[in-house]
């Protein structure tokens, strides 16, 4: 009962605000709609016992990434309202609508073909894990996640740290204003 | 009156619901990338698609009792952060050179 209500409310919030990201003319409104979408997804993470990921979702996405978007919007002053009335490329929107319908239809069809019983491997599901059920308590779930991250996925974890360093260096290099650029009248 | 609560209580949220929601969210993001021309909004739509995939991964992690799905979501978050940092750096370079640039103007950056 409660899970149905939570799912319906969070799902409606996700879909409405995701549509808001796409149709909002002002980029600031898009960014705020994105925050609402991310919160809805975090709620569904909690509903599925992924408490750590819900927290990381809020901190990293809503706290860091969207703020970065807003910084760029404010810094560059690109918060002009974009006119969405006209179709800049003829036939772009009908083509996008066709792609969307095909994409949604294909993925929903794949889901329909999957067996309802999640213990029988269907088309869209994998094989049931052999390690037994995930612990129900948040702390147990977090412990399982951490143990997996620092044993099975240790190399991937270390490589992501290198990736982050590369991204930071790349961002600094890209955003740096060289002396030659400053001589060019803006 | 008494039929409605019992009917509601009989409905159970299965993983199909979550997967369907993820598919819809992914479609909205994909259509947004195709329709919008502001590079910032296109980036936000890519984030929508990443979130749809994250939701799907968490759903499978629960329904298949495999914590690997949650680990993948963790990595997706990290890679998304790195991608946004580099992508916004490129956008700043582009928009500084030509304010009000759209996705068509990315060729401006050609050496």
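What follows is calculated from the coordinates using simple rules that are stated; it is not laboratory data. The model shown is predicted, which means the values in this text are computed figures rather than measured ones. Heads up, the Cβs are rebuilt from the backbone with ideal geometry, glycines too, and the neighbour counts pull from every protein chain shown.
Below are the figures for this structure:
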quantity: Proxy reagent accessibility, fewest Cβ within 10 Å first, across A:162, B:11; calculated: A:162, B:11
quantity: Between 0 and 90°, nearest 10: helix B:68-97 axis offset from chain B longest Cα axis; calculated: 30
quantity: Tail weight of P(r) past 14 Å, computed on alpha-carbon pairs of segment B:6-83, percent; calculated: 66
quantity: Zone of residue B:53's modelled label, taken as backbone nitrogen in segment B:6-36 under 18 Å from a point 7 Å along Cα→Cβ; calculated: B:19-34
quantity: C-alpha long axis of helix B:15-35 to longest principal axis of chain B, angle in °; calculated: 20
quantity: For residues of A:136-145, the mean tally of beta carbons on other chains within 10 Å; calculated: 2
quantity: Per-pair calculated FRET efficiency, R0 = 25 Å: residue A:143 and residue B:79 via Cβ, rounded to 0.05; calculated: 0.55
quantity: In nm, spacing of pseudo-spin labels at residue A:23 and residue B:65 (7 Å Cα→C-beta vector); calculated: 4.4
quantity: Distance in nm between pseudo-label sites at residue B:12 and residue A:98 (7 Å out along the Cβ direction from Cα); calculated: 4.3
quantity: Computed FRET value (nearest 0.05) for residue A:165 with residue A:74, which takes r as the C-beta separation and R₀ as 30 Å; calculated: 0.65
quantity: Shielding by partners - mean other protein chain Cβ count within 10 Å, residues of B:38-51; calculated: 6
quantity: Protection proxy ranking of A:27-37, A:52-62 - average other beta-carbon atoms within 10 Å, highest first; calculated: A:27-37, A:52-62
quantity: Within 10 Å of each Cβ in A:2-14, the average number of Cβ atoms from other chains; calculated: 3
quantity: Theoretical FRET efficiency, 1/(1+(r/R0)^6), r = Cβ-Cβ of residue A:151 and residue B:103, R0 41 Å, to 0.05; calculated: 0.45
quantity: Helical contribution to [θ] at 222 nm, DSSP H n ≥ 4, -39,500 (n - 2.57), averaged over chain B, rounded to 500; calculated: -26000 deg cm²/dmol
